[in-house]
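We did not get these values from a lab; they are worked out from the coordinates using the rules stated. Values in this document were obtained by computation on a predicted structure and should not be read as measured data. When we count neighbours, we look across all protein chains shown, and the Cβ atoms used for this are built from the backbone with ideal geometry, even at glycine.
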Amino acid sequence: MALVTKAPFRVGQKEIHLPNFTLTLLRMANQPPTSATFLVPLSLNKLDLRDYLYHAYNLRVLSVRSYIIQSKVAPTRPKSQARNWNRPQAQKRMTVEMERPFVWPDTPDDLEPWNHETREKTRAAQEEFQKTASRDADTRPDAGERKSLREQAKELLEGKERWKPVVGGSRGGRRR
Amino acid sequence: MSIQPLRSALQASSFNNASVILPAFLVPSVFHVQSSSFSTTSHLEGRRDANRNRGVSALRRTGLRKRQTLSVKVEDLPKPVLDPAQRSKIEVDENHALWQFFSRDKQPFYAVEQLSAPGRPWTVEELRRKDWEDLHRLWWVCVKERNRLATEAYERERVNAGYGEYEYLKRVVAIKRTQRAIKHTLTERWYGWEEARKVAQNDPEVNLNAIADGGAAYTPSRKSKRNKDEKPEAVTAPDPALVEAAVAEDLRTHVPLPPDQPSIENRARA
């Protein structure tokens with residue numbers, strides 16, 4: 001471990017031994033490489049961040065900028081009839097300037113280790129199923145069913161298939 | 001009254017297939033089609049600031065002096081490289097502090113196998129043996145690991161890479177449990193110290209103001225020393241009936257061992 005050297009700025013007198021918050025480093029597209037942006041808790045200030053980065057990560061920052069992104073008022077349950085509107089908590093970001101540049105590693109081209117294809121297909125299938133199970137499902141005609149009915153009718157008329165009564169109802173019944 | 005609204009009215013009427021009866025003074029407008037833009041202001045791209053003295057202040061003495069020339073001409077100024085592909089590659093230091101926000105292989109997000117690697121939280125039983133320095137160090141290891149996980153989770157979701165969120169949440173829960181166990185241990189120690197302090201306030205052998213007074217913190221009295229005549233308590237052999245009962249209870253609750261291993265009954269008799 002590196003030696004504990006005196007900080008190049010005035011350090012506060014209150015010592016916090018067990019901090020309980022998380023810092024998230026963000027990839028920013030249009031910022032210079034000597035800057036880094038973090039997602040910080042709303043109660044953190046610039047002096048705290050400077051202190052934290054120096055003592056925990058041994059990173060000297062030249063300056064810190066902060067800004068808060070207010071959230072839009074959003075319904076708690078978007079797809080429900082009963083909507084409670086609330087404003088989620090705002091997000092605080094801080095940008096620091098460093099002495100030496102840092103560039104994020106590139107995103108891997110092949111996302112197969114994270115099963116990207118499978119996940120996308122699962123999501124699409126779930127959305128399709130949710131549409132059939134939703135309250136306004138009867139406003140959307142089932143195109144697949146219509147096509148299959150058309151084909152079945154064509155086969156019956158052409159004589160390829162013979163009509164058989166269906167047991168157990170109109171949906172998914174057994175054929176005798 | 002400009003011509004445009006009238007034309008749209010004519011177009012609307014053609015859609016409806018109805019004829020519009022124009023007033024007499026507007027009839028020539030049908031024959032004269034608009035050829036140029038109504039506005040005489042030039043296009044935005046060709047505009048420049050007509051005021052060459054903008055920003056020049058006599059009070060603050062800004063701007064150039066008379067016949068003063070600059071070493072650099074406007075056309076010689078460096079131009080920014082807008083295409084990211086043509087920008088020069090930046091050398092990143094291997095030991096840069098921000099690499100601590102990434103995994104060891106310096107990738108933007110962990111592979112799913114790494115996330116689901118076995119690793120259980122520390123128990124309170126294990127942490128009770130550790131001193132403050134070790135517990136403090138472990139706390140910070142947990143904090144930095146959570147920062148690392150949060151960084152890569154945000155990037156993975158932003159890029160919509162795929163699975164990993166579930167494993168990430170499980171790992172965060174494990175780390176939080178370790179942190180909770182650390183605080184539990186410290187709280188236990190504090191309560192032990194607090195109780196001892198309360199007892200010590202009423203104990204004549206202990207002087208809580210020793211540092212201020214300059215005296216001894218603990219002065220044992222003669223009564224607390226053990227008598228030389230007293231013999232130490234002898235450890236008696238266990239009652240066989242009690243041993244049998246304990247073994248029977250053990251057999252009832254334990255899972256039976258495989259046949260090739262010695263059973264508890266045999267071990268008890270040995």
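Summary of computed values
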read-out	value
Net charge over other residues, Cβ less than 9 angstrom from the Cβ of residue A:69 (K, R count +1; D, E count -1)	+2
Proximal aspartates and glutamates relative to residue A:14, as straight alpha-carbon distance under 17 Å, when same-chain residues fewer than 8 apart are discounted	A:48, A:51
Measure of compaction for region B:115-223 (Cα Rg per 2.2 N^0.38 Å)	1.71
Chymotrypsin sites (Phe, Trp or Tyr not before Pro) lying in DSSP loop within region A:1-78, provided at most 14 other Cβ fall within 10 Å	A:9, A:21
Longest to shortest principal axis, alpha-carbon extents of region B:55-154, angstrom	84, 38, 23
Neighbourhood net charge (11 Å Cβ-Cβ; Lys/Arg +1, Asp/Glu -1) for residue A:51	+2
Against the rule of thumb 2.2 N^0.38 Å, how large the Cα Rg of region A:31-114 comes out	1.52
Inter-label distance, nm, simple model (7 Å from Cα along the C-beta direction), residue B:160/residue A:122	1.6 nm
When the convex hull of its Cα atoms is projected in every direction, mean area for region B:119-174 (nm²)	4.1 nm²
In nm, spacing of pseudo-spin labels at residue B:107 and residue A:29 (7 Å Cα→C-beta vector)	2.4 nm
Region B:21-113 shape via C-alpha gyration tensor axes, a/c threshold 1.5	oblate
Residue exposure sequence - A:28, A:94 - by fewest surrounding Cβ within 10 Å	A:28, A:94
Shape metrics for chain A, restricted to C-alpha atoms - Rg then Dmax, Å	29.7, 93
Members of A:72/B:183; A:79/B:170; A:131/A:160 lying beyond 31 Å, as alpha-carbon distances in this model show	A:72/B:183; A:131/A:160
